[in-house]
Amino acid sequence: MKPDQLDLKMASQFAQFALGCVLREYPHVQLYWLDNGEDFIPHRQLTPAFYGCLDWHSAVHNHWMLVRLIHLFPHASFNQTAREAIAQNITSEQINTEVNHLQSQPRFECPYGLVWLLQLTSELREWQDIQGKKWLEILQPLETVAVQNLQKWWQNLSYPNRTGSHAQTAFAFGLIWDWASAHHPTLIPEIEQKIRQFYLNDCNHPLHLEPWGYDFLSPTLAEADLMRRLLSPDAFATWLTQFLPKLPTEKQTDWLPPLSVENPHDYAQSHFDGLNLSRAWMLEGIISKLPSSDARIPALEAVAWVHREIGLNLVSAVDYSGSHWLGSFAIYLTTKRGLPMHNH
């Protein structure tokens, strides 16, 4: 399989982004529950596998990106260095420590970081590589705890989170759905019931108000990209009409302009580069499920294209604020990871 619009030069650039952070301990952001002073432990001890890249979830999805790039470009010059970095972090001893942390902190990185862990294990399952199979074997106890924590999370969830950042439920459910449909289909009915409860009857969503703050995920587009996974093409087209009744039917882009980053050294503004990239892949997901005759496709394609082009410029990647995470979003987009024909 060769990814669309991703050449070796671009792949190498993104690999270097990941290699510049998966073994980098600081700067770091750590969020977890403290009951007393004894719980205050340096992150390198708590999470010795995924301690780099500013935060746990970025470390996880950079490991996913490295695995995907080795998978897609098996003869690239970065492969050996990437394999060595992954092998240094994914060891049985270090993953056992990660397991203990997730067991003692069930809300840690739930849902965002945990669903990226499912992307990592999915990628390893789909890759026929001896070393990759070993990494999967080592990671499976951590995957098991992650799924347990996620299941408790969605079972206790009364309302969806409609923000544009880590806590958003629509994006999380999309990645959970992709993992479960490929590797754990017995969970699908329970997940589908929750998704339908939260989103099936939504209408007139305020896309025109986005972004809300420093979003890197669109609440509106993530929900539509989620619902296309559940519904038939005709049912999805009907749902989208109720959800976004004012979508244009002509090829135009002014109805959803991309975001610009004015200060590439600002960690919050780097989210706008990510928003452009995630909007692009979500729009492509929406298009993939609509009937080919749907009159809204030209407008959706035009906006997806402009977001892709601007997003892949990665303005904020000149600084660690962007380079520690944006490569993963770029690879998710350019390799069409979330689309059915590329997902597994």
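The values are calculated or read from the model by the stated rules, or taken from the named source; none is laboratory data. The model shown is predicted, which means the values in this text are computed figures rather than measured ones. No Cβ is skipped: glycine too gets one built from the backbone with ideal geometry, and neighbour counts run over all protein chains shown. Accessible surface areas use protein heavy atoms only, side chains included; no ligands, DNA or RNA. Shrake-Rupley method; radii C 1.70, N 1.55, O 1.52, S 1.80 Å.
Can you give me the Rg/Rh ratio for the range 1-156, using Cα atoms for both radii and the Kirkwood formula for Rh?
0.98
For the range 1-59, report the accessible area per residue in Å² (1.4 Å probe, heavy atoms, rounded to an integer).
That works out to 55 Å² per residue.
Could you state the orientation-averaged shadow area of the convex hull built on the Cα atoms of the range 98-138, in nm² to one decimal? Walk me through the numbers on the way to the answer.
Numbers: hull surface 11.8 nm².
Hull-based average projected area comes out at 2.9 nm².
Whole-Å semi-axes of the chain's equivalent ellipsoid, largest first, each the root of 5 times a Cα gyration tensor eigenvalue?
Computed over the chain, the values are 31, 23, 20 Å.
Let me check I have the definition right: for the range 167-263, take the eigenvalues of the Cα gyration tensor, multiply each by 5, take square roots. What are those semi-axes in whole Å, largest first? Don't jump to the answer; show the numbers that get you there.
Working: eigenvalues 133, 64, 27 Å².
Each semi-axis is √(5λ); the values are 26, 18, 12 Å.
So for the chain, averaging the separation of alpha carbon pairs under 8 Å that are six or more residues apart and normalising by length, what relative contact order in percent results?
The normalised contact order for the chain reaches 18 percent.
Could you tell me what percent of the accessible area of the chain is made up of carbon and sulfur, with a 1.4 Å probe and every protein chain present?
Exposed carbon and sulfur together represent 53 percent of the surface.
What FRET efficiency comes out for the pair Glu93/Ile130, r = Cβ-Cβ distance, R0 = 22 Å, nearest 0.05?
Approximately 0.60, to the nearest 0.05.
At 1.4 Å probe radius, can you tell me the per residue accessible area of the range 158-245 in Å²? Present the calculation step by step, with values, prior to reporting the outcome.
Details: 3470 Å² over 88 residues.
Value returned for the range 158-245: 39 Å² of accessible area per residue.
Roll a 1.4 Å probe over the protein chains and send me the accessible area per residue for the range 266-328 in Å².
Counting only protein heavy atoms, the per-residue value for the range 266-328 is 29 Å².
Counting Lys +1, Arg +1, Asp -1, Glu -1, what net charge surrounds Ala146 among other residues with beta carbon under 10 Å of its beta carbon?
Details: positive: none; negative: Glu98, Glu109, Glu143.
Overall, the nearby charge balance is -3.
What does the charge add up to near Leu207, with Lys and Arg as +1, Asp and Glu as -1, over the other residues with Cβ less than 15 Å from its Cβ?
Summing Lys and Arg as +1 and Asp and Glu as -1 gives -2.
Suppose every Lys and Arg Cβ carries +1 and every Asp and Glu Cβ carries -1, with no other charges. What dipole size does the range 1-156 come out with about its Cα centre, to the nearest 20 debye?
Charge dipole, the range 1-156, about its Cα centre: 360 debye, nearest 20.
Could you check how many percent of all C-alpha pairs in the range 162-343 are farther apart than 20 Å?
Working: 8537 of 16471 pairs.
Summing the P(r) of the range 162-343 above 20 Å gives 52 percent of all pairs.
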